[in-house]
Structures are given as C-alpha cells and as structure tokens.
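> For reference, the structure I am asking about is given below.
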Amino acid sequence: MLLLRPHSLDEALDALAAHPGATLLAGGTDLMVRANYQGLRPEVVVALRRVPELQEMTGSFIGAGVTWSRLAASPWPGLAGAARTVGSPQIRTLGTLGGNLGTASPAGDGLPFLAAVEARVEVASRDGGTRRPAWDEFLVGPKRNSLQPGELILGVRLPPSLPERQEFAKVGARNAMVISIASACLVRSADGAVRIALGSVGPTPLRARRAEAVISAERHPSSAAVVEFGRLVAAEVRPIDDHRSTAAYRRHAAGVIARRLLERALA
Ligand SMILES: Cc1cc2nc3c(=O)[nH]c(=O)nc-3n(C[C@H](O)[C@H](O)[C@H](O)COP(=O)(O)OP(=O)(O)OC[C@H]3O[C@@H](n4cnc5c(N)ncnc54)[C@H](O)[C@@H]3O)c2cc1C
C-alpha cells in the first residue's frame, strides 16, 4: 500500500490527480472499520489530516477536516447538538464532517443539519477546479455521494444567514455511543418558516416538505397544529426494516422527535 501525506491542499490535489482512484483518509473512524472488518485493502491512501485548508472553520465555511469535537463548540446549535451525540470522545476527536459526507450513511448525524439549512458541499479536483453541489445533489443514495475520481471534499458552505432556532435530536438503542434509528434537525426563522430534515428514515437525509409548508403557514402554531406536524412528518418519511429497527418504529420515532423539536423551537 502506498501512503501519501500531503501538507497542503495543492499537494493533496496533486496526489489525487496522480492517483485518481486513491482512498482518502481523514479521521479513519469509518474507514478503519471497513479495513478491519470488511476487507477494504486500498492500494493508495491519501491521508488528509495534515492539510490545513481542510481544518478551516471561518464565517459560513466548515472545512471537511473539522472534527466533531470542534463542531460541538461551533456557533450552529443544530450542528453542535448533533456533534455532541456522535460516538464517544475518542470518535469525536478523530471523526470529521467530511468523513460523514464521504461515507454518506443515511444515519450520518451531521447530515440533517446540512439538509435543513440547505448547505452546499464544496468539492475540488486538480483539473475541474471547485464545484458546489447542493446537499441533495451530493448525497444521492444510501452510502453513495456524487464525488468523482480525483475529487475531494473541501468542506461545506452554509447560507449567509441561518434561522436562529435550530434543534437536533436522535433516537437510538441507548443514550450514548449509538447509531441513529431516527434523527432530525429542525430550524425555525423569526418569520415562522420551519424546515425539518430527518436521518435514518430514508435512503438519504429527507426533508418533510409537506409538513414544513403546513406548519410554516401558522405564525403562532396551536398545540393541535404541533401534534399534526408530528403526524405529517411521520407520514412523509421512507424508513426500512433493518437490524437496528423496524420501519414502523422508525416512522413513529420520526413523528415524536419532529413534534418535540418544534415544541422546543417554539418555547
Ligand atoms: C464507535 C463508532 C461510533 C460512531 N458513532 C457515530 C455517530 O454517533 N454518528 C455518526 O454520524 N457517525 C458515527 N460513527 C461513524 C464515523 O465516526 C463518522 O461517520 C465520521 O464522521 C467519519 O469521519 P472520519 O473523518 O473518521 O472519516 P474516515 O473514516 O476517514 O472516512 C470516511 C469516508 O469519507 C471519505 N472522506 C473523508 N474525508 C474526505 C474528504 N475530505 N473528501 C472526500 N472523501 C473523504 C473517506 O475516503 C471514506 O470513504 C461512528 C463510528 C464508530 C467507529
């Protein structure tokens, strides 16, 4: 195995141009599981931890190499709340937002926030320069993203102004060190507009657009409207049965956390 350790973005892009099929390594918290338990044997690995440009977190840009530990103290409550639930302190010290996007698991806890605020992913290659797909152009299926050979994720770009109220919650088999059975990020603007994105209840993070439209039309939602919001969200998700949960429980959980997040955002 050839291990390349670039010290700048330029060097990383050169390494990828020379080895377009190379495997990118950030914190390794997903990749090493694949190497240890699923037989992954890459010929060329490009390790990204020494690339300073990927560590930046400035203004509305979050570098792909920013770890969950740093995100837990970031100014975005919807993302900070998600970061605090990821794995253990060890996983949060190593794991990155870029790795969550690279793996593109429907259970990735950073992804509902990106979908709720309508973030763009910044992707770069030596020949293609930089492109900025919307979150749903990047996350295209379970564990599938639209990254092309020779490209790496630079980071994510958030819209310049974000809703003040941002809430995240997830449901799992226990309270900590748990992969989501259902997760959600809800954001609410001062004008009452609500957006909600859900994880683990579809092939990619999902927006519950009908529920959003109905609740956003109510400036001061009543208790009945909040309950109805949970019901509409539960109706819109597309969960499956798997080893972690039945689809029916996932649907139920999605409705419950949607209602609770809205209650929190209205408080
Ligand atoms: C014990 C344990 C608990 C976990 N708990 C959670 C949890 O609660 N919530 C959760 O969401 N996840 C969890 N995970 C999964 C994992 O920690 C996260 O997905 C993490 O964000 C991965 O980041 P990483 O930097 O370690 O990625 P890596 O393992 O280094 O890479 C993951 C994938 O992304 C690609 N990649 C990484 N960086 C880039 C880049 N800049 N450009 C292009 N591709 C890139 C890699 O090639 C690889 O395919 C857990 C994992 C473990 C082992």
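> Under a 5 Å amide H to amide H cut-off, with H placed in plane at 1.01 Å, what residues pair with GLY172 once short-range neighbours are removed?
ILE181
> Between GLU218 and ILE179, what is the spin-label point distance in nm, taking each point 7 Å from the Cα along the Cα→C-beta axis?
Between GLU218 and ILE179, the label points sit 3.6 nm apart.
> So how do 167-175, 231-239, 90-98 stack up, highest first, on mean other-Cβ count within 10 Å?
On the way: 167-175: 17.4, 231-239: 20.0, 90-98: 21.6.
Those peptides, ordered most packed to least, come out 90-98, 231-239, 167-175.
> In nm, give the distance between the simple-model label positions of TYR249 and TYR37, each being 7 Å from the Cα along the Cα-to-Cβ direction.
The two pseudo-label positions are separated by 1.8 nm.
> Follow-up. What is the fewest-to-most order of TYR249, TYR37 by other Cβ atoms lying within 10 Å of their Cβ? Could you put the intermediate results ahead of the total?
Details: TYR249 15, TYR37 8.
Exposure proxy ranking, most exposed first: TYR37, TYR249.
> For a quick protection proxy, order the peptides 12-19, 121-128 by their average other-Cβ count within 10 Å, most packed first.
By packing density, highest mean first, the sequence is 12-19, 121-128.
> Write down the Kirkwood hydrodynamic radius of the chain, to one decimal in angstroms, obtained as one divided by the mean of 1/r over all alpha carbon pairs. It would help to have the intermediate numbers written out before the result.
Details: mean 1/r = 0.0530 Å⁻¹.
Across the chain, the inverse of the average 1/r is 18.9 Å.
> Can you compute 3J(HN,Hα) from phi for each residue in the stretch 228-234, using the Karplus curve 6.51 cos²θ - 1.76 cosθ + 1.60 with θ = phi - 60°, rounded to whole Hz and x for Gly and Pro?
Each residue of the stretch 228-234 in turn: 4, 4, x, 5, 5, 4, 4 Hz.
> OK, next. Can you give the calculated 222 nm mean residue ellipticity of the chain, where each DSSP H run of n ≥ 4 adds -39,500 (n - 2.57) and the sum is split over every residue, rounded to the nearest 500 deg cm²/dmol?
Values: 11 runs with 95 residues, N = 267.
So the helix-based figure for the chain works out to -10000 deg cm²/dmol.
Where a number appears in this text, it was derived from the coordinates with a stated rule and is not lab data. Source: prediction; values computed, not measured. When we count neighbours, we look across all protein chains shown, and the Cβ atoms used for this are built from the backbone with ideal geometry, even at glycine.
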